[in-house]
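Undergrad: Have a look at this one.
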Amino acid sequence: QVQLVESGGGLVQPGGSLRLSCAASRSFFSINAMGWYRQAPGKERELVAAITSGGNTNYVDSVKGRFTISRDNAKNTVYLQMNSLKPEDTAVYYCKVDYSSGYYVWGQGTLVTVSS
């Protein structure tokens with residue numbers, strides 16, 4: 001069974017930076033898109049950023065210019081570099097990996113808290 005291991009969350013002051021990582025275990029099927037979602041208290045989960053197998057990216061408007069998603073296909077790992085963090089970025093961040101079989105897997109979530 002494929003598993004995702006997330007890391008990199010924590011407490012950071014406004015204006016600070018964090019880098020999230022999500023590593024997927026080996027699978028018979030190839031990975032298509034990889035993405036990061038977040039869910040703040042009392043809010044629905046939203047897509048933050050996604051990257052295709054070809055490297056095309058998309059971002060929610062609120063993080064454009066501050067967050068960068070990237071992936072290392074050799075390591076089955078996706079990253080989210082978060083700069084200029086704001087209190088409204090506080091949420092549990094989840095990675096999601098879509099496979100060529102149509103199957104997808106969610107990470108366990110990592111908490112990002114932006115506060116002074």
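Undergrad: Just to confirm a number: summing +1 for Lys and Arg and -1 for Asp and Glu over residues other than Asp89 whose beta-carbon lies under 14 angstrom from that of Asp89, what do you get?
TA: +3
Undergrad: Right, something else. Do any chymotrypsin sites (Phe, Trp or Tyr not before Pro) in segment 28-110 lie in a DSSP loop with no more than 10 other beta carbon atoms within 10 Å, and if so, which? Provide the component values of the computation, followed by the final result.
TA: On the way: sites: Phe28, Phe29, Trp36, Tyr37, Tyr59, Phe67, Tyr79, Tyr93, Tyr94, Tyr99, Tyr103, Tyr104, Trp106; in loops: Phe28, Phe29, Tyr103.
Those that pass, being in a loop and sparsely packed, are Phe28.
Undergrad: Of all GluC sites (Glu not before Pro) in segment 8-108, which ones are in loop regions per DSSP and have a Cβ with at most 13 other Cβ atoms within 10 Å? Mind showing how you got there, number by number?
TA: Numbers: sites: Glu44, Glu46, Glu88; in loops: Glu44.
Taking segment 8-108 and a limit of 13 other Cβ atoms within 10 Å, the loop GluC sites (Glu not before Pro) found are Glu44.
Undergrad: Then there's this: Ignoring ligands, DNA and RNA, what percent of the 1.4 Å accessible area of the chain is carbon and sulfur?
TA: Carbon and sulfur: 48 percent of the exposed surface of the chain.
Undergrad: Set the Förster distance to 30 Å, then compute FRET efficiency between Asn56 and Val5 from the Cβ-Cβ distance, nearest 0.05.
TA: Values: r = 25 Å, r/R0 = 0.83.
Once the sixth-power term is evaluated, E becomes 0.75.
Undergrad: Shifting gears a bit: Based on the Cα coordinates of segment 16-113, what is the per residue volume of their convex hull in Å³?
TA: 95
Undergrad: Right, something else. Once you keep just the Cα pairs under 8 angstrom separated by 6 or more residues, what percentage relative contact order results for the chain?
TA: Relative CO of the chain lands at 37 percent.
Undergrad: Per residue, what accessible area does the chain have, given a 1.4 Å probe and all protein chains present, in Å²?
TA: In whole numbers, the chain has 55 Å² accessible per residue.
Undergrad: Now, a different point. How large is the Rg to Rh ratio of segment 43-85 when both quantities use alpha carbon positions and Rh follows Kirkwood?
TA: For segment 43-85, the value is 0.99.
Undergrad: Once you place label points 7 Å from the Cα toward the Cβ at Thr113 and Ser17, how far apart are they in nm?
TA: Placing both labels 7 Å along Cα→Cβ, they lie 2.3 nm apart.
The values are calculated or read from the model by the stated rules, or taken from the named source; none is laboratory data. Keep in mind it's a predicted model, so treat the numbers as computed, not measured. With ideal geometry, Cβ positions are generated from the backbone for all residues, glycine too; neighbour counts draw on all protein chains shown. Ligands, DNA and RNA are excluded from the accessible area calculation, which covers all protein heavy atoms including side chains. Shrake-Rupley method; radii C 1.70, N 1.55, O 1.52, S 1.80 Å.
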